[in-house]
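Have a look at the structure below before the remarks.
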Amino acid sequence: MSPIVNRLCWAIKHGEPIPPFPEKLDIAEAYEVQKKVSKRIYSSKLVGLKAGVTSKEMQKSLRISSPLIGGLFQENRLDENPKLPFREERLIECELGIFSDIHGNVQAICPAIEFAVLDFEKKTDLRGPNLVASNVAVEKFLLGKKSIDVDSLSKEKCSLFLGNTKVNEADIGDSLGGPKEAAKFIASEAFRWGFPLQGEFVFLSGACGAVTKAEPGKYRAEFGDLGELKFEII
């Protein structure tokens, strides 16, 4: 696995396309690669996990039977109202942030944005295991204020605006069946694949509505009474 790990570390550190995967990885091997790569790239401990490929249509196209998970580290987390330099392959996902214990018991929720980079040098390499190995396209994430009113606020809608133009709208509690089901699923997958969960973690439940290409401009994501998030691509 060393050649795969070395190539992925270099590409992720330098913001380059994910290099070709000559080897045929299975999912179990891919999670081991993900953990080794993350250990070499990030100095901080794991602070959370994201669920990726949560739609059945995307799972079918990648020939996988369930969502994938990727690690979130402190270096991935953005401060309030961030400005990000434009990157060609970046995507924006409106998500629900879920604060949970290691057993998937939800403590609070918050508005969240994930920035993902889906950039394989060989487009035919976009397969489930390869996506897992490259940490399920994690680049950065942004969290809003916590709320303990889980049941009512998870029923809010999310609207993403680029300037005054609405570019996405969705129910924030739809992904993975809602925050409680999402937390149980992610915690279960973490245990299954040997992720070291301790204390309280943040889980990102997957994209709400459409995945949006990150074009330059000022963005505002409204999550109803759960709050809003702002950021800019420059």
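The values are calculated or read from the model by the stated rules, or taken from the named source; none is laboratory data. This structure is a prediction, so every number in the text was calculated from the model and none was measured. Here the Cβ positions follow ideal geometry from the backbone for every residue, glycine too, while neighbour counts run over all protein chains shown. SASA here: full protein model, heavy atoms, side chains in, ligands and nucleic acids out. Shrake-Rupley method; radii C 1.70, N 1.55, O 1.52, S 1.80 Å.
Of note, A51 satisfies the criterion of being touching a residue at least 40 places away in the same chain (Cβ under 8 Å), in contact with a Pro (Cβ under 6 Å, 6 or more places away or on another chain) and either assigned to a helix (DSSP H, G or I) or of a type in the set (A, V, I, L, M) (or both). Taking residues in the stretch 135-156 that are at positive phi, and partners anywhere that are open to solvent by less than 20 Å² (accessible area, probe 1.4 Å) and assigned to a helix (DSSP H, G or I), the pairs with Cβ atoms closer than 7 Å and at least 6 places apart or on different chains are N135/Q34; N135/V37; N135/S38; A137/L131. Of the residues making up the stretch 29-63, those that are modelled with pLDDT of 90 or more and open to solvent by 50 Å² or more (accessible area, probe 1.4 Å) are E29, E32, K35, K36, K39, R40. Restricting the stretch 110-140 to residues that are surrounded by fewer than 22 Cβ atoms within 10 Å (Cβ to Cβ) and in contact with a Lys or Arg (Cβ under 6 Å, 6 or more places away or on another chain), the residue that is nearest to E93 (Cα to Cα) is V117. Quick check on the stretch 211-220. Is at least one of its residues aromatic (F, W, Y) and not in a strand (DSSP E or B)? No; the residues of the stretch 211-220 include none that is aromatic (F, W, Y) and not in a strand (DSSP E or B). Just to verify a result, which residue in the stretch 64-101, among those that are open to solvent by 70 Å² or more (accessible area, probe 1.4 Å) and touching a strand residue (DSSP E or B) at 6+ places or on another chain (Cβ under 7 Å), is modelled with the lowest pLDDT? Ranking the candidates gives Q74 first. Being over 20 Å from I18 (Cα atoms) and touching a residue at least 24 places away in the same chain (Cβ under 8 Å) is a property that G70 lacks. Does E23 fit the bill of being open to solvent by 20 Å² or more (accessible area, probe 1.4 Å), under 27 Å from G209 (Cβ atoms) and without any contact (Cβ under 8 Å) to a residue 24 or more places away in the chain? Here the answer is no, as E23 does not meet what is asked.
Taking the criterion of being part of a loop (DSSP other than H, G, I, E, B), touching a Lys or Arg at 6+ places or on another chain (Cβ under 9 Å) and either within 25 Å of K218 (Cα to Cα) or open to solvent by 50 Å² or more (accessible area, probe 1.4 Å) (or both), the only residue of the stretch 147-170 that qualifies is G163. Looking only at the stretch 29-45, decide whether some residue is over 29 Å from L78 (Cβ atoms) and not polar (S, T, N, Q). Among the residues of the stretch 29-45, at least one is over 29 Å from L78 (Cβ atoms) and not polar (S, T, N, Q), which makes the answer yes.
Kindly indicate whether G173 is at pLDDT below 95, open to solvent by 50 Å² or more (accessible area, probe 1.4 Å) and not in a strand (DSSP E or B). Even if it seems obvious, please write down each step before you answer.
Values: at pLDDT below 95: yes; open to solvent by 50 Å² or more (accessible area, probe 1.4 Å): no; not in a strand (DSSP E or B): yes.
For G173, the condition - at pLDDT below 95, open to solvent by 50 Å² or more (accessible area, probe 1.4 Å) and not in a strand (DSSP E or B) - is not met.
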